[in-house]
1. Restricting attention to segment 44-78, and to residues there that are aromatic (Phe, Trp, Tyr) and surrounded by fewer than 20 Cβ atoms within 10 Å (Cβ to Cβ), which single residue is farthest from the chain's Cα centre (by Cα)?
2. What about TRP149, is it open to solvent by less than 70 Å² (accessible area, probe 1.4 Å), at pLDDT 95 or above and not in a loop (DSSP other than H, G, I, E, B)?
3. Checking ALA156 against (1) surrounded by fewer than 16 Cβ atoms within 10 Å (Cβ to Cβ); (2) touching a His at 6+ places or on another chain (Cβ under 8 Å): exactly one of these is not met. Which one?
4. In segment 79-101, what residues are open to solvent by less than 20 Å² (accessible area, probe 1.4 Å) and over 16 Å from the mean Cα position of the chain (by Cα)?
5. Return the pair list, or none, for Cβ contacts closer than 6 Å from residues in segment 102-129 that are open to solvent by 60 Å² or more (accessible area, probe 1.4 Å) to residues that are small (Gly, Ala, Ser), at least 6 apart or on different chains.
6. Do we find that HIS144 is touching a residue at least 24 places away in the same chain (Cβ under 8 Å), farther than 30 Å from ILE13 by Cβ and loosely packed, with under 13 Cβ neighbours inside 10 Å in this structure?
7. Checking the conditions here, which among LEU95, LEU124, LEU109 is modelled with pLDDT of 95 or more and over 30 Å from GLU160 (Cα atoms)?
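The values are calculated or read from the model by the stated rules, or taken from the named source; none is laboratory data. The model shown is predicted, which means the values in this text are computed figures rather than measured ones. Positions of Cβ are backbone-derived with ideal geometry, glycine not excepted, and every protein chain shown enters the neighbour counts. Just so you know, the surface numbers come from the protein's heavy atoms only, side chains and all, with ligands and any DNA or RNA stripped out. Shrake-Rupley method; radii C 1.70, N 1.55, O 1.52, S 1.80 Å.
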Amino acid sequence: MSSADKARRWRQILSELRPELPGEWSVRGGGLGTVLVREPVDWTVAWIGYAGSPTRPEGWVSAAVQPLVMPFTSWIMTYGIRMDEAGSGPRTVDLASDAAADQTRRFVLDAGLEKIDSWPADRLAQVAERDYAQEPRRRRTHWHQLPGWRVVTGAASPVEPATQLADLCHERARGTSGKGARQLTEQAGFYERLAQAWHEGERDAALRFLAEERDRALTAQKLDTVLAA
């Protein structure tokens, strides 16, 4: 099965799965990066997608929640599950097989939706605050969302954590090279501009900045357009 054939098959599987899911879902993206997205998209995007080599027969279906209050450089699995992590069912899926659609459906209904539903926006914001309250050396990556959530919820100023994150990104960039260094520098710029927006117009200005960055990121990931089912 060619890469193009796999992409068409994956889109077909998602289109058939969409009406079986609770709530409203849309098909977005392109190629093997096509995903099912729960509507409406606000400050998070709940998604169901496929990962694997275009040239190998098998890959993995994943279901996760992506925060949109921080730089969107790639899909993250911190708030999700891949089918080989589920307690039952096949560990991989072959899109060329007759069983692919049912295997995808069973994973999503048995494990994927539960994981997605366990990460609502308010929980993400709370976990980010708790992570930030730890000593810096004990923090994980949850607090990387904190400046954005503080703006969205109106809980507090984002300036202090945003400044710390910008400094952290610059420090890591100095020890990295190539694409990784550029990416870290861009992330530092995101947090610096967010802090600057707050200084200039507090929550209203910072919220506009986040909305613009979110919309730009969705366009860059080809998620701004709903595809025909």
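1. Taking the candidates together, the pick is TRP60.
2. Criteria met by TRP149.
3. Tallying (1) surrounded by fewer than 16 Cβ atoms within 10 Å (Cβ to Cβ); (2) touching a His at 6+ places or on another chain (Cβ under 8 Å), ALA156 fails exactly one: (2).
4. Those that are open to solvent by less than 20 Å² (accessible area, probe 1.4 Å) and over 16 Å from the mean Cα position of the chain (by Cα): MET83, VAL93, LEU95, ALA100.
5. ARG106/GLY89; LYS115/ALA63; LYS115/GLY80
6. Working: touching a residue at least 24 places away in the same chain (Cβ under 8 Å): yes; farther than 30 Å from ILE13 by Cβ: yes; loosely packed, with under 13 Cβ neighbours inside 10 Å: no.
No, not satisfied.
7. So the residue among LEU95, LEU124, LEU109 that is modelled with pLDDT of 95 or more and over 30 Å from GLU160 (Cα atoms) is LEU109.
This table checks each residue for (1) assigned to a helix (DSSP H, G or I); (2) at pLDDT below 95; (3) not aromatic (Phe, Trp, Tyr).
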{"position": "SER157", "(1), (2), (3)": "no, no, yes"}
{"position": "ALA162", "(1), (2), (3)": "yes, no, yes"}
{"position": "LEU165", "(1), (2), (3)": "yes, no, yes"}
{"position": "GLN183", "(1), (2), (3)": "yes, yes, yes"}
{"position": "HIS199", "(1), (2), (3)": "yes, no, yes"}
{"position": "ALA205", "(1), (2), (3)": "yes, no, yes"}
{"position": "ASP224", "(1), (2), (3)": "no, yes, yes"}
